[in-house]
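Chemist: Quick one: structure below, then a few questions.
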Amino acid sequence: MRNIRVLFEAERIQQKVRELAGQIVTDHPNQELYFITVLNGARPFSRDLQAAVGSRGSYKIHNYEIALQSYQGTESTGQVIVTKDLEDRVVEGKLVFIIEDIIDRGVTMDFLVKYLLEKKGVERVKVVSLLDKPSRRLPGININIDYRGFEIEDLFVVGYGLDFDGKHRDLPYIGVLEQ
Ligand code: IMP
Ligand code: MG
């Protein structure tokens, strides 16, 4: 049994979520918001973020979900495939917010931003990521994170949607698996 060292307590996460919601609302007053939640990891974050935005006014939030899988082959750049897609045209011409749990190598987000702009006719993308591991970014990948929760070191984290082998997703806090 491996221990989990807590990095961000549940209350600290919730405080950060409220902070991010406040920034989004300030930047986009009185608007309909289009969220694209990246499954499965970003589900708790997106749910809490939507609630926090909703508590600040009468926002209409459209939430769509997408699932992606990235394979890291022998080459440094992974391949990404869409395993659950958006319905056609739901976000055409819109400003959309990608809601993601963590950006690591950046391969998944790089793919998704281009996919939405090029294949789904999205007008503009803003990236919302609870966690960011900038030291892990692959060379040549440049992600502009519009709303970022926490920057972390090169650690494998679990909890609050993040899993290791399908485990630990349900924890209300985020921690590091230890040997
Ligand atoms: P990237 O394409 O390398 O940026 O990978 C992003 C995806 O890998 C995230 O959406 C997560 O699903 C997963 N991932 C990356 N780092 C971690 C971690 O520390 N814990 C759990 N999942 C992670
Ligand atoms: Mg993810």
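The values are calculated or read from the model by the stated rules, or taken from the named source; none is laboratory data. Computed from a prediction, not measured in an experiment: that's the story for all the values here. Note that each Cβ is placed from the backbone with ideal geometry, even for glycine, and that neighbours are counted across all protein chains shown.
Chemist: What pairs come out if I take residues in segment 1-24 that are among the polar types (S, T, N, Q) and pair them with residues that are outside any strand (DSSP E or B) whose C-beta lies under 7 Å away, six or more apart or interchain?
Modeler: Once the first residue is among the polar types (S, T, N, Q) and sits in segment 1-24, its partners that are outside any strand (DSSP E or B) give 3/178; 14/48.
Chemist: Right, another one. Need the failing condition index for residue 149 against (1) more than 23 Å from residue 18 (Cα to Cα); (2) crowded, with 17+ Cβ neighbours inside 10 Å; (3) touching a strand residue (DSSP E or B) at 6+ places or on another chain (Cβ under 7 Å), just the number.
Modeler: The failed condition is (1).
Chemist: Out of the helices (runs of 4 or more DSSP H) lying entirely within segment 1-120, which hold 3 or more residues that are of a type in the set (S, T, N, Q)?
Modeler: In segment 1-120, 10-27 are the helices (runs of 4 or more DSSP H) which contain 3 or more residues that are of a type in the set (S, T, N, Q).
Chemist: Now for a different question. Looking at segment 34-53 only, could you name the residues that are within 16 Å of ligand 1 (Cβ to nearest atom) and touching a helix residue (DSSP H, G or I) at 6+ places or on another chain (Cβ under 6 Å)?
Modeler: 37, 49
Chemist: Quick one: is residue 91 within 16 Å of ligand 2 (Cβ to nearest atom) and in contact (Cβ under 8 Å) with a residue 40 or more places away in the chain? Give the steps one after another, and end with the answer.
Modeler: Details: within 16 Å of ligand 2 (Cβ to nearest atom): no; in contact (Cβ under 8 Å) with a residue 40 or more places away in the chain: yes.
No; evaluated as a whole, the condition is false for this residue.
Chemist: Against the condition within 13 Å of ligand 1 (Cβ to nearest atom) and within 16 Å of the chain's Cα centre (by Cα), how does residue 141 come out, does it pass?
Modeler: No, not satisfied.
Chemist: Among (1) buried (at least 17 other Cβ atoms within 10 Å of the Cβ); (2) touching a helix residue (DSSP H, G or I) at 6+ places or on another chain (Cβ under 6 Å), where does residue 56 come up short?
Modeler: For residue 56, the failing item is (1).
Chemist: Right, here's the next one. Being assigned to a loop (DSSP other than H, G, I, E, B), modelled with pLDDT of 95 or more and out of contact with any Lys or Arg (no Cβ under 8 Å at 6 or more places or on another chain) is the filter here, so list the residues in segment 140-155 that pass it.
Modeler: Within segment 140-155, 142, 144, 145 qualify.
Chemist: Considering only segment 81-95, I want to know if a residue exists there that is within 14 Å of ligand 1 (Cβ to nearest atom), more than 30 Å from residue 179 (Cβ to Cβ), surrounded by 15 or more Cβ atoms within 10 Å (Cβ to Cβ) and of a type outside the set (Lys, Arg).
Modeler: For segment 81-95, residues within 14 Å of ligand 1 (Cβ to nearest atom), more than 30 Å from residue 179 (Cβ to Cβ), surrounded by 15 or more Cβ atoms within 10 Å (Cβ to Cβ) and of a type outside the set (Lys, Arg): absent.
Chemist: While we're on this one: Name the one entry in 137, 148, 169 that is of a type outside the set (A, V, I, L, M) and in contact with a Ser or Thr (Cβ under 6 Å, 6 or more places away or on another chain).
Modeler: Just one listed residue meets the conditions, 148.
Chemist: A further question follows. How about segment 121-138: which of its residues are assigned to a strand (DSSP E or B), of a type in the set (A, V, I, L, M, F, W, C) and more than 11 Å from ligand 1 (Cβ to nearest atom)?
Modeler: Once the filter is applied, which keeps residues that are assigned to a strand (DSSP E or B), of a type in the set (A, V, I, L, M, F, W, C) and more than 11 Å from ligand 1 (Cβ to nearest atom), segment 121-138 yields 125, 127, 128.
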